[in-house]
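Worksheet: the structure to be examined is printed underneath.
The values are calculated or read from the model by the stated rules, or taken from the named source; none is laboratory data. Keep in mind it's a predicted model, so treat the numbers as computed, not measured. When we count neighbours, we look across all protein chains shown, and the Cβ atoms used for this are built from the backbone with ideal geometry, even at glycine.
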Amino acid sequence: MPISEPMSPESQAHEALLTARRSMRAYLQQPVPDVLLQSLLIQARRAPSGANLQPGHFLQVRGGLRQALSQALLADWQAGAPEQEDYAYFPRPMPMGLRKRQAASAQALYGALGVARDDRAGRDAQFARNYRFFDAPVALVVTIDQRFGAGGYMDLGMSLYGLQLAAAAAGLGSCAIGALASYPQTVRRVLGLASSEHIVCGLALGWPDPEAAVNRTCTERAALADYFRVLES
Ligand SMILES: Cc1cc2nc3c(=O)[nH]c(=O)nc-3n(C[C@H](O)[C@H](O)[C@H](O)COP(=O)(O)O)c2cc1C
């Protein structure tokens, strides 16, 4: 379709959804009906995957087990005892250009909260909330069989984004929680998972609290020219 053609209402709605979705880190205590969560997961699983292998699992953790998981993760984090992660996420060392993006996203988060750069206690208090799944009504742990390589993680990422978009379309908010992947052994021990089940991340999901300052966190994106170019002869 030539770019001068007006966008269809469906296209406009789709663009609005993708543009408006943001990570939500504070939730109302209104429960998410099981049937709604299941419908979002079914939509998310329409994501494409290599050879349609559909890798990964979404585990909903509830009740006392969720409390036990949060307590164990907070204890690990407070003890400052790092674990060997199941997979490498960020480049190490982080190149300067990426470090700037990381700093900008932290600034967006802590700026929305009014937490100053040198306010260690304020930053720690927010970071700790990762391990409580931001008190969201739904806490998910995302896992993948250890035999999958980068391709499997890529496929699972598409499913994860599908879930976040489906949630946003339904008026729900979500936030992926990579911080969970720092303690894979603890997650497996508390949840009784096999050592072959690698811990990818967590996901908080629920009705976003419209009053919460943290939910006004707004991140920027790099310019198109930064990640897209045409190569031709
Ligand atoms: C796989 C993954 C892991 C993430 N882990 C965390 C996390 O541990 N804590 C957190 O507050 N946000 C986390 N985020 C949210 C990112 O910080 C956020 O997506 C990014 O800053 C862009 O902001 P937006 O989602 O609001 O557009 C994660 C996002 C992804 C996709």
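Working only within the range 169-181, note down all residues that are surrounded by fewer than 19 Cβ atoms within 10 Å (Cβ to Cβ) and either of a type in the set (Phe, Trp, Tyr) or under 21 Å from residue 84 (Cβ atoms) (or both).
178, 179
Exactly one of (1) free of Cβ contacts under 8 Å to residues at least 60 places away in the same chain; (2) of a type outside the set (D, E, K, R); (3) touching a Cys at 6+ places or on another chain (Cβ under 9 Å) is unmet by residue 160. Its number?
Every listed condition holds for residue 160 apart from (1).
Mind telling me which of the residues 24, 1, 94 ends up being at pLDDT 95 or above and either farther than 20 Å from residue 164 by Cβ or over 18 Å from the mean Cα position of the chain (by Cα) (or both)?
Result of the check over 24, 1, 94: 94.
Can you spot a residue in the range 113-123 that is in contact (Cβ under 8 Å) with a residue 12 or more places away in the chain and either closer than 18 Å to residue 144 by Cβ or touching a Ser or Thr at 6+ places or on another chain (Cβ under 7 Å) (or both)?
No, the range 113-123 contains no residue that is in contact (Cβ under 8 Å) with a residue 12 or more places away in the chain and either closer than 18 Å to residue 144 by Cβ or touching a Ser or Thr at 6+ places or on another chain (Cβ under 7 Å) (or both).
For the range 211-233, give me the residue count where each residue is hydroxyl-bearing (Ser, Thr, Tyr) and away from the ligand (no atom under 16 Å from the Cβ).
So the answer is 1.
Table: residues versus (1) more than 11 Å from the chain's Cα centre (by Cα); (2) within 11 Å of the ligand (Cβ to nearest atom).
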| site | (1), (2) |
| --- | --- |
| 145 | yes, no |
| 156 | yes, yes |
| 160 | no, yes |
| 171 | yes, no |
| 175 | no, yes |
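Which of the helices (runs of 4 or more DSSP H) found entirely inside the range 1-113 contain at least 2 residues meeting this: surrounded by 14 or more Cβ atoms within 10 Å (Cβ to Cβ)?
34-44, 63-79, 96-113
Can you tell me which residue among 86, 145, 135 is modelled with pLDDT of 95 or more and within 30 Å of residue 31 (Cβ to Cβ)?
After ruling out the rest, the residue left standing is 135.
Can you find a residue that is more than 13 Å from the ligand (Cβ to nearest atom), of a type in the set (Ser, Thr, Tyr) and more than 18 Å from the chain's Cα centre (by Cα) anywhere in the range 65-74?
no
Output the residues belonging to the range 185-201 that are crowded, with 19+ Cβ neighbours inside 10 Å, part of a helix (DSSP H, G or I) and either hydrophobic (A, V, I, L, M, F, W, C) or within 14 Å of the ligand (Cβ to nearest atom) (or both).
Passing the criteria: 187, 190.
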